[in-house]
Every structure is written in C-alpha cells, then in structure tokens.
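Down below is the structure, laid out as structure tokens.
The values are calculated or read from the model by the stated rules, or taken from the named source; none is laboratory data. As the structure is a computational prediction, the values presented were derived from the model and not from experiment. Positions of Cβ are backbone-derived with ideal geometry, glycine not excepted, and every protein chain shown enters the neighbour counts.
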C-alpha cells in the first residue's frame, strides 16, 4: 500500500483554500496521495485521529486557528502522534483564522477589489453601516461578510487565494502546502 498524506482542516473554506493554493503551485493532490479533510470544527479532531491509518509513511498534517491550537495539541498528544510544537507535528496555526490571514496577506484594498468583482461591494458597505459593525475594524467586518451567507466563506476562500500575487501566500498556508512535497521532511507521522 502506498503512503498517503491526510491534511486535517477546520472547515470547508479551509479545504478550498488549501486545495486552490496547492493547484496554483503545481501540486497534483491525487497523484501525490494528499487528501484534505474538513473536520467541521477543530473540536472534531479526536474523531478524525481515531480513523487516521497508523502505518509507516502515512503522514498527518493540519491547519487550525490560534484559538483551537491548544485543543489540537492535546488531541495529538492523546492519540500518541507526538508532543511538542504543532509545527513540529506538521500542523500550521493561523493567527486568528485563515480568512484573517488572507486579508492581511492581500491587504484590504485588494480584498475589496475581489468583493467588487463579485458585484457585492454594495452589500459589504451595507454591512459596514449596521450598528453592530460600525465601530469594528475593517478586517473584522470583512470576516463577518465572508461568514454571513451559506457557502460564502468557501467561495471567497478560492477567490482570495486566486487573487494572491505569484509567490505570495499567508505563511501558515504556504508552509502547509510546501510540506506536501515528497522532498519535505516527514512531519506529523506516528512514531
């Protein structure tokens, strides 16, 4: 049986962003036997760790939000995958979440250009005028906008990754996708 790489991510928008960047960088995830699995939230990691094949060469990688990092680290330790820093175990951590990372990497103006290209800038401006949003930073308003409608986060994940200039990506996402390469050191494997 050939070795596989399983990449655990919190949700569907994270899966879309990881797969979109991997494709842009020339990865063939099927040929490389990489599967990106959205868990439906980081707290579901225990269920997914129970199903991860404990076989030589099978790698486990992941991406999580900073607020979930402790729980992910505890789950990896309980599953005997390892202890130590999440990066050493093949898990990358977003400062707030992946949307925030993409917004910071692109810059607010570029993100607004993406929204405008979708014909939704007027909707975003309406959201900004809502009393609960007026005093919030633009980055928080953008994150609220992306999460406001079903399927919007995943759709914008693809659009924002596609808008990244060549050679530029949020560090946690870039490190994760770089680790797919067969030349990458085996991280996050069972010992």
Next item on the list: For region 1-108, please list each of the helices (runs of 4 or more DSSP H) lying entirely inside it that holds at least 1 residues being in contact with a strand residue (DSSP E or B) (Cβ under 6 Å, 6 or more places away or on another chain) and at pLDDT 90 or above.
Entry: 12-24, 69-78, 98-106
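Test of understanding: among 67, 11, which residue is within 21 Å of residue 160 (Cβ to Cβ) and touching a residue at least 60 places away in the same chain (Cβ under 8 Å)? Before you say what the answer is, go through the steps one by one.
Values: 67 fails: touching a residue at least 60 places away in the same chain (Cβ under 8 Å).
Matching residue, one of 67, 11: 11.
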Check: Which residue, of 133, 141, 128, is farther than 23 Å from residue 12 by Cα, in a helix (DSSP H, G or I) and in contact with a helix residue (DSSP H, G or I) (Cβ under 7 Å, 6 or more places away or on another chain)?
Finding: 128
Next item on the list: Kindly establish whether residue 116 is assigned to a helix (DSSP H, G or I) and buried (at least 20 other Cβ atoms within 10 Å of the Cβ).
Entry: no
